[in-house]
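Student: Questions regarding the structure given below will be posed in turn.
The values are calculated or read from the model by the stated rules, or taken from the named source; none is laboratory data. All of these numbers come straight from a predicted model, not from anything done at the bench. Cβ atoms come from the backbone with ideal geometry, glycine included; neighbour counts cover every protein chain shown. Areas reflect the complete protein model, heavy atoms only, side chains present, ligands, DNA and RNA absent. Shrake-Rupley method; radii C 1.70, N 1.55, O 1.52, S 1.80 Å.
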Amino acid sequence: MSDRTCLIVMYHYVRDTTATSFPDIRALPPQLLAQQLDWLQQHYTVIDQAALEAAACGHAPLPPDAALLTFDDGLVDHYRTVFPLLRARGLRGTFFIAEDACAPAPRLLAVHKVHFLLAYLGAEAFGRAVLRACEAIGLPRTGSREVLGRDHWDDGGVRAIKHLVSYELPFDAADRILDDLFAGHIGDAAAFARELYLAPAMIREMAAAGMAFGHHTRTHRMLARLTAAEQDAELRGGVAWIRGMTGQETVSFCYPWGGPQTYTRDTLRILRESGYSVAFNTVRRRMQPEDQRYELPRIDTRDLPPYTASEPAPAPAFSAEEA
Ligand SMILES: [Zn+2]
């Protein structure tokens, strides 16, 4: 009987997409979040960030059947939809915010340009546009481009185009390509960002009501692709930034994309030196007593009821990349 086992659930978009201009965004509808909270409250004790930190640092046991709710990317959905639902039930969640996205003058993160371009254009048109742009600026071919550009634009094609843009293209080239496509097809990215993300006033209001905030880097770049000095610049200021906005004593962290291949030993060192309390990845299993505090695993909302009949059986760890 372990006193540190915890089901840590990961959420991203929570919205009724049929009521938006982007019905193909992969989102959890609010009524399914409500059903999932019903299920969690029936089978688990939903704990808050402080209880998780105390357990992960060995200071206090968790209640039996503990669960923690985490929400990534600082989306306005978390204020409009999640916050009222949690507050009505007396629950608390942990929300991960990137500094560029939740600044007073927010910038649209590349990961979200990809999501909305994919939803707007479809995988094939988006993929072909990216490939044409790569040709136009004379980029050398890398792994995913070899498997793209043929006639396969199924789920494999979607994964390949996401992989190309996020894991393979040089950051400056990806930014240029995504900026051009976004401006050409959807519009002004700065205006879009102001509608997409939590504003500082929303964060302060949620924090005052007991919600916890964690850092999710400054720019949401994949840390494993950065030098140690660049990683330092992404992580170093996060604790002070979130403390300044929320008054929290402790600040946790969540890796962009989140698979174990998306960060390095340098990342773990910088997290420790910067004073983060704990960090979450996306290894798809329950937190166990032996997990070290900067690699806490999480299970995606879609791997739990009402999407599935039950939670996944304990299985060898594997990574579920952020959508
Ligand atoms: Zn993210």
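Student: Which value, in nm² and rounded to one decimal, describes the direction-averaged projected area of the C-alpha convex hull of the chain? The partial results should precede the final answer.
Tutor: Working: hull surface 65.0 nm².
Its Cα hull, projected and averaged over all orientations, spans 16.2 nm².
Student: Nearest 500 deg cm²/dmol is fine: what mean residue ellipticity at 222 nm does the chain get from its DSSP H runs of n ≥ 4 alone, each adding -39,500 (n - 2.57), divided by its residue count? Can you show the working numbers first?
Tutor: Values: 13 runs with 128 residues, N = 323.
Only helices count here, giving -11500 deg cm²/dmol.
Student: While we're here: Going 7 Å from the Cα of Ala125 along its beta-carbon direction, which residues of segment 15-52 have the amide nitrogen within less than 16 Å of the resulting point?
Tutor: Answer for segment 15-52: 21-25.
Student: Roughly how big is segment 64-210's charge dipole about its Cα centre, with Cβ charges of +1 (Lys, Arg) and -1 (Asp, Glu), in debye to the nearest 20?
Tutor: Numbers: 16 positive and 20 negative charges, 56 e Å.
With Lys and Arg at +1 and Asp and Glu at -1, about 260 debye.
Student: Still on this structure, I have one more. In whole angstrom, note down how far apart the Cα centers of segment 38-72 and segment 257-297 are.
Tutor: If you average the Cα positions of each part, the centres end up 17 Å apart.
Student: Sticking with this one: Which percent of Cα pairs goes in each bin when the distances of segment 34-90 are cut into 10 angstrom slices starting at zero?
Tutor: Over segment 34-90, the share of Cα pairs per 10 Å bin runs 21, 46, 30, 3 percent.
Student: A further question on this structure: With each pseudo-label sitting 7 Å past Cα toward Cβ, what's the Phe171-Thr45 distance in nm, one decimal?
Tutor: 4.2 nm
Student: At a threshold of 8 angstrom on Cα-Cα distance, excluding pairs fewer than six apart, so keeping six or more, what relative contact order does the chain reach in percent?
Tutor: 21 percent
Student: Same structure, new question: How much accessible surface does Arg26 have with a 1.4 Å probe, in Å² rounded to 10?
Tutor: Number for this one is 140 Å².
Student: Hey, another quick one. If the only charges are +1 at each Lys and Arg Cβ and -1 at each Asp and Glu Cβ, what is the size of the charge dipole of the chain around the Cα centre, to the nearest 20 debye? Display every interim value, and only then the final one.
Tutor: On the way: 33 positive and 40 negative charges, 39 e Å.
Result for the chain is approximately 180 debye, rounded to the nearest 20.
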